[in-house]
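Notes for the one structure printed next.
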Amino acid sequence: MSLPEADARRRLASPTLAMLPRVSDGLSFLYIDIARVEQTDTGVCAVIETPAGGVQRTYLPTAALACVLLGPGTSITHRALSTLMRHGTTVVCVGSGGVRCYGAVQPADRTTAWLERQARAWADPEARLDVAVRMYELRFQQEIERGTPLEVLRGIEGSRMKALYRTLAQRHRLKPFKRNYDPSSWGDQDPVNLALSAGSQALYGIAHAVIAHLGCSPALGFIHAGKQHSFVYDIADLYKARTTIPLAFSLSKSHDPESEVRRRLREDFRLFWRLPQMVRDVQWLLDPDRPDPEEAEEEPVRLVELWDPERGSVAGGVNYGDDVM
């Protein structure tokens, strides 16, 4: 291949700012393990060694990915990581099967708009309560009367969870169920508790990836507090009653509930497009008056701005010397 031809291929693989997708356009996540992620002249690919001693290259649809989850045994080259960052794809280091989130690398050009919304709501007790109430509305799937004390909502949620456990235990013909989670005795749990624990950890990893993709802080929670992952727990709890809990009870007879709950949870997210729904839910929680993304006009690309106490922000990269002389 000639040098001009190779250079043209590399330019095609490098997006401009105008080509970058919005957050809502990133509709999927990809989990990779035991592979080397590298950049070629035409794109980013995962290189996997085959049993026969050869290699298999699978190209990644970087422009369509909200985030890439890198599991154990994975390495990534600098060029590949740079391409993912240019495409606006968040890269998250996770445990096996997407369980646990150890850290995330976010694109440098990611706007701080959602982080600022989160920080403003978290710092204002009244606004924080409003977000917490909206979270319970999502969990209850019904509107909550304004002014309802938070301790009342916590009590309602606790009663609902007990009722859900009881109903699922009866449906699957299990003896009275008791939630039991002991990290020091992980292997001693019964299949349902093991699936609940593994499913929750996987859901935390996915929620963390969504939060990182939006540029929010995983530490600024609205219901949970005091942990670096407080907001992760907030978001994951919105979906447990619809995903991991029923799934865990259905695996009461499974010989390997850990791996099966992860595999079926990933399939559930793929079939029901839950990842983009999580993105929309987080955006609604932080800004309920935001227009529907399908109807809203495309926002212009924002590079950098300067904070202004009266106007909120002003354009960056401008010399304001004449304004004060």
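In order along segment 215-224, phi translates into HN-Hα couplings of x, 7, 9, x, 8, 8, x, 10, 9, 7 Hz, rounded to whole numbers, per the Karplus curve 6.51 cos²θ - 1.76 cosθ + 1.60 with θ = phi - 60° and x for Gly and Pro. Among HIS172, HIS87, HIS78, the order by Cβ neighbours within 10 angstrom, fewest to most, reads HIS78, HIS172, HIS87. Taking a straight line from the alpha carbon of LYS162, these lysines sit under 23 Å away, with near neighbours fewer than eight places off in the same chain left out: LYS175, LYS178, LYS240, LYS253.
A Förster distance of 45 Å, applied to the separation of the beta-carbon atoms of GLN141 and HIS255, puts the FRET efficiency at 0.85.
Calculation over all alpha carbon pairs of segment 113-286 in 10 angstrom steps from 0 returns a P(r) of 9, 35, 36, 17, 3 percent.
Every read-out reported here was derived from the displayed coordinates using simple, explicitly stated rules and does not represent laboratory data. In this text the structure is predicted, and so the values were computed from the model without any measurement. Counting neighbours? That spans all protein chains shown, and the Cβs are built from the backbone with ideal geometry, glycine included.
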